[in-house]
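Values quoted throughout were computed directly from the atomic coordinates according to the rules given, and no laboratory measurement underlies them. All figures in this text were calculated on a predicted structure; none of them were measured in a lab. Glycine also receives a Cβ, built like all others from the backbone with ideal geometry; neighbour counts cover every protein chain displayed.
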Amino acid sequence: MKISSVFLLVAALAAVPVLRAADITGVITLQGTPPAEKEITPLEEDPTCGSLHTDKPTTHFYVVGAKGELADVVVSLNVTGKSTGESAAPVVLDQKGCLYSPTIFAVQTGQKITIKNSDPCIHNVHTTSKAGNADHNDAQMSGGADLTYTFDKPEDFLKFQCDVHPWMFAWVTVVDSPYFAVSDKDGKFTIKNVPPGKYTITAVHRKLGKQTAAVEVKDSDVTVSFPAFTVK
């Protein structure tokens with residue numbers, strides 16, 4: 001009798017569908033023609049920094065493909081308190097050619113950001129938060145030791161700048177979970193290993209604003225379609 005009961009229990013459990021984590025994917029696009037990027041004239045005129053470029057350096061506020069594919073859009077889910085940042089691999093922010101690379105990126109709360117100086121000149125890394133994260137202001141010599149920063153509070157587009165070279169900027173979005181991505185040059189994004197559930201997904205561009213959509217993850221990967229961003 002007991003064996004029969006165990007058999008029935010195992011059979012019942014086997015019949016229950018097991019929901020797995022899935023990926024959320026999509027493509028971000030832009031409708032319309034973005035403003036022309038501006039030449040960074042002070043960089044060109046700087047004897048050291050200008051010599052590091054063969055092409056004219058410009059801003060990259062709107063990175064758009066031939067079919068309107070839009071890069072540098074931060075996409076995240078409305079999940080908080082799930083950061084794995086302390087154990088996540090550091091994200092590298094480099095200073096190369098007297099520019100930050102990347103200029104738009106994202107990390108989790110508590111995740112390390114490693115700042116490098118690959119230039120033959122001094123930089124000064126200065127962060128400015130609007131959400132109560134600690135501000136940093138550190139000189140970094142050419143060939144000097146890497147700097148390591150972390151931020152504890154979620155924030156959109158926390159600013160990095162160089163006080164030595166005032167045209168140098170980068171922006172980091174801090175997310176309180178691992179469920180985020182930044183669209184690539186083809187406008188594509190993938191948020192990996194999302195647990196089953198209903199979520200609000202948000203896409204934010206620093207110049208073009210924010211969009212939201214509802215998404216439900218069940219037992220397979222999900223594609224999200226946002227309306228095209230439009231130039232304001």
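Residues in the stretch 69-128 that are assigned to a strand (DSSP E or B) and of a type in the set (S, T, Y): S76, Y100, S101, T114, T127, T128.
Check S76, S87, S83 and return the single one that is under 30 Å from T200 (Cα atoms), without any contact (Cβ under 8 Å) to a residue 12 or more places away in the chain and of a type in the set (S, T, Y).
On the way: S76 fails: without any contact (Cβ under 8 Å) to a residue 12 or more places away in the chain; S83 fails: without any contact (Cβ under 8 Å) to a residue 12 or more places away in the chain.
Every option except S87 fails the conditions.
Looking across the stretch 180-214, the residues that are crowded, with 18+ Cβ neighbours inside 10 Å and over 15 Å from the mean Cα position of the chain (by Cα) come down to V194, Y199, L208.
Here the strands (runs of 3 or more DSSP E) wholly within the stretch 146-224 that include at least 1 residues being under 22 Å from Y100 (Cβ atoms) are 147-149, 155-162, 169-175, 180-182, 188-194, 197-205.
Out of D72, D55, D94, D46, report the one residue that is buried (at least 21 other Cβ atoms within 10 Å of the Cβ) and of a type in the set (D, E, K, R). Please lay out each step first, then the result.
Values: D55 fails: buried (at least 21 other Cβ atoms within 10 Å of the Cβ); D94 fails: buried (at least 21 other Cβ atoms within 10 Å of the Cβ); D46 fails: buried (at least 21 other Cβ atoms within 10 Å of the Cβ).
Answer to the selection: D72.
Does G132 satisfy the criteria of being assigned to a loop (DSSP other than H, G, I, E, B) and either in contact with a Gly (Cβ under 7 Å, 6 or more places away or on another chain) or closer than 28 Å to T41 by Cα (or both)?
Details: assigned to a loop (DSSP other than H, G, I, E, B): yes; either in contact with a Gly (Cβ under 7 Å, 6 or more places away or on another chain) or closer than 28 Å to T41 by Cα (or both): no.
For G132, the condition - assigned to a loop (DSSP other than H, G, I, E, B) and either in contact with a Gly (Cβ under 7 Å, 6 or more places away or on another chain) or closer than 28 Å to T41 by Cα (or both) - is not met.
Of the listed requirements (1) crowded, with 17+ Cβ neighbours inside 10 Å; (2) hydrophobic (A, V, I, L, M, F, W, C); (3) without any contact (Cβ under 8 Å) to a residue 24 or more places away in the chain, C162 misses just one: (3).
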